[in-house]
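Please treat every number below as a calculation from the coordinates, not as lab data. Here the structure is a predicted model, which means the values were calculated and not measured. As a convention, Cβ positions derive from the backbone with ideal geometry for all residues, glycine included, and neighbour counts pool all protein chains shown.
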């Protein structure tokens, strides 16, 4: 004869339940507060980053706790409903329960993938790194999973509210033992039959979560943000065929790297010359910068101010050095300020193809970039600029 079901849930089940509840009731409002927190000063940005780090760390914790809770639930039977005759209400409760289970895994996971695909800002506080296997650093992937995370967190919040409303309805209106048997200690609770989950409940719950994920995917594939008009081509003795123009900053002690997708170079260069070997003028479309999670912030008035100063220009003579290297020793005009910049670079020439690679370090404060961030603990003063390009000689 099978064992009779217990009147209460087991201690481990109760611990999982109330631990998850405490985490979720902290995690959701914390995420909303962090999103709305200002970032217009060193202190404000540090607080915002801390709030997001706590939110992300708790999110990863919820993910693993939820997985453990689901595995535990699948391996252990539980008491059945106190009112099995209320079939519609019982089925609705099951659907909400499974939606809650699924969203406790899906919402943190999509947020985690968003974080892993993004460079910089607000790390997860644990020793296992910030990346995930098979998740590249890609702003498009981050945007897609960020959109799915946004939708799934709303489903999670709705399922939590419905679950709480159901528990309060049983406790206050029905005055039954539904809530008491999930609480610690012993109380006078009637026994029920063993719980059996109708297969339709998880099917409908996961269909709802799948629809939410698809809605987030569609939201993430919406119209791209408006970009500044692409730069016109320029006349040049050497035409850049392939190249990258990148920057690296130190934010919160971590490197954040990005690239400008749109820039032009007018190059006059004689590879046989010694000393003065030519000149270069580079024009950069500021709005084409992608800089991890802080791309939008970088376009703002306190940083690059892309709306008022849409381009930057570097103009310099090219000077051959005795050791075979070169210097581009000129000026950079950025955000209305012109200041001297020297870019050392190496060059190799093969017939009519030249390959160059160089790096320079700028002080962002010279150009009034991030003036409100006067403390390097939040945003370093040094900005490393890297250039790699391949150019061919014009006919």
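Would you work out if segment 128-262 is rounded, prolate or oblate? Take a ≥ b ≥ c from the square roots of the eigenvalues of the alpha-carbon gyration tensor; rounded if a/c is under 1.5, else prolate when a/b is larger than b/c, oblate otherwise. Intermediate values should be presented prior to the final figure.
Values: a/c = 3.88, a/b = 2.92, b/c = 1.33.
Prolate shape, in that a/c is at least 1.5 and a/b is the bigger ratio.
Any idea how far apart residue 308 and residue 57 come out in nm if each label point goes 7 Å out from Cα toward Cβ?
If labels sit at residue 308 and residue 57, their model points lie 3.8 nm apart.
Quick one: grab the alpha carbon gyration tensor of segment 218-299, order the square roots of its eigenvalues as a ≥ b ≥ c, and give me rounded if a/c is under 1.5, else prolate or oblate depending on whether a/b is larger than b/c.
oblate
Please give the helix 200-220 orientation as an angle from the longest Cα principal axis of the chain, in degrees from 0 to 90, rounded to the nearest 10.
For helix 200-220, the angle is close to 20 degrees.
Over 24 Å apart: what share of the alpha carbon pairs of segment 236-395 falls there, rounded to a whole percent?
On the way: 4365 of 12720 pairs.
Value for segment 236-395: 34 percent of Cα pairs lie more than 24 Å apart.
How tilted is helix 139-168 with respect to the longest principal axis of the chain? Cα atoms for both, answer in degrees (0 to 90, nearest 10).
Helix 139-168 sits at roughly 20 degrees to that axis.
Provide Rg and Dmax in Å for segment 315-366, with only Cα atoms included in the calculation.
13.0, 41
Based on the Cβ-Cβ distance from residue 219 to residue 126, what FRET efficiency comes out when R0 is 30 Å, to the nearest 0.05?
0.55
Run through every distinct alpha carbon pair of segment 11-220 and return the Kirkwood hydrodynamic radius in angstroms, one decimal place.
18.7 Å
Where does the chain land at 222 nm, in deg cm²/dmol rounded to the nearest 500, when only DSSP H runs of n ≥ 4 count, each adding -39500 (n - 2.57), divided by all residues?
-13000 deg cm²/dmol
Mind pulling the angle between the C-alpha long axis of helix 11-36 and the longest principal axis of the chain? Nearest 10 degrees, somewhere in 0 to 90.
40 degrees
With an 8 Å cut-off on Cα pairs and a minimum separation of 6 or more residues, tell me the relative contact order of segment 238-393 in percent. All intermediate terms of the calculation are to be shown ahead of the outcome.
Numbers: 371 pairs, mean separation 41.6, N = 156.
The value is 27 percent.
At 7 Å along the Cα-to-beta-carbon direction for both residue 350 and residue 394, put a label point, then send me their distance in nm to one decimal.
Going by the 7 Å Cα→Cβ label model, 2.4 nm.
Between residue 329 and residue 26, what is the FRET efficiency for a Förster distance of 41 Å, r being their Cβ-Cβ separation, to the nearest 0.05? Before the final figure, lay out the partial values.
Numbers: r = 55 Å, r/R0 = 1.34.
Using R0 = 41 Å, I get an efficiency of 0.15.
May I ask for the distance between the Cα centers of segment 175-200 and segment 232-275, given as a whole number of Å?
After rounding, the separation between the Cα centres reads 67 Å.
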